[in-house]
Amino acid sequence: MSVLKKKKLAARRRAVRVRSKVKGTPQRPRLSVFRSNRGIWAQVIDDTTGTTLASAGPAGVEASAEDKKAQAAKVGSLLAERAKAAGIEQVVFDRGSYLYHGRVKALADAAREAGLSF
């Protein structure tokens, strides 16, 4: 098995392990994070119906030459604003296969500061 396949398999196992413990309900939907080299995206998902209630990404924030952590913080605060507009105050955080560190942590902290509780 190649190194790339091993990495992808390990990431998938981590994501499945996290999602087995985190479920989104209508009262507390799941805040799911996707991170790439270019940007970070987040969605608030109700798993009982499979619908996305709010979402935010780098296209929603103004483009500037700032670092990726600052961009993640702006995405987090934008997501919190959109979730509050949809009537959502509490969520469960789904970090997927990513460590709770760096950009993922910056997004979560900004969402908390903007009013979401998790």
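The values are calculated or read from the model by the stated rules, or taken from the named source; none is laboratory data. All values reported here derive from a predicted model rather than from experimental measurement. For neighbour counting, all protein chains shown are included, and Cβ atoms are generated from backbone atoms with ideal geometry for every residue, glycine included.
Quick rundown of the values:
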| read-out | value |
| --- | --- |
| Any pair with Cβ under 7 angstrom, 6 or more apart, that starts in the stretch 35-59 at a residue that is of a type in the set (K, R) and ends at one that is outside any strand (DSSP E or B) | R35/Y98; R35/R103; R35/V104 |
| Subset of the stretch 39-76 (residues that are in a strand (DSSP E or B) and among the small types (G, A, S)) | A42, A54, S55, A56 |
| Residue list for the stretch 52-82, restricted to those being out of contact with any helix residue (DSSP H, G or I) (no Cβ under 8 Å at 6 or more places or on another chain), closer than 28 Å to R12 by Cβ and small (G, A, S) | A59 |
| Residue match in the stretch 81-90 (condition: among the polar types (S, T, N, Q), within 13 Å of the chain's Cα centre (by Cα) and at pLDDT 90 or above) | no |
| Candidates S36, S64, S2, filtered to the one that is at pLDDT below 90, among the small types (G, A, S) and loosely packed, with under 11 Cβ neighbours inside 10 Å | S64 |
| Residues satisfying the stated conditions in the stretch 77-89, i.e. touching a residue at least 40 places away in the same chain (Cβ under 8 Å) and in a loop (DSSP other than H, G, I, E, B) | A86, I88 |
| First in the stretch 90-109 and over 18 Å from S77 (Cβ atoms), second anywhere and of a type outside the set (V, I, T) and outside any loop (DSSP other than H, G, I, E, B), Cβ under 6 Å, 6 or more apart | V92/R30; D94/R30; D94/S32; G96/A15; S97/A11; S97/R14; S97/A15; Y98/R35 |
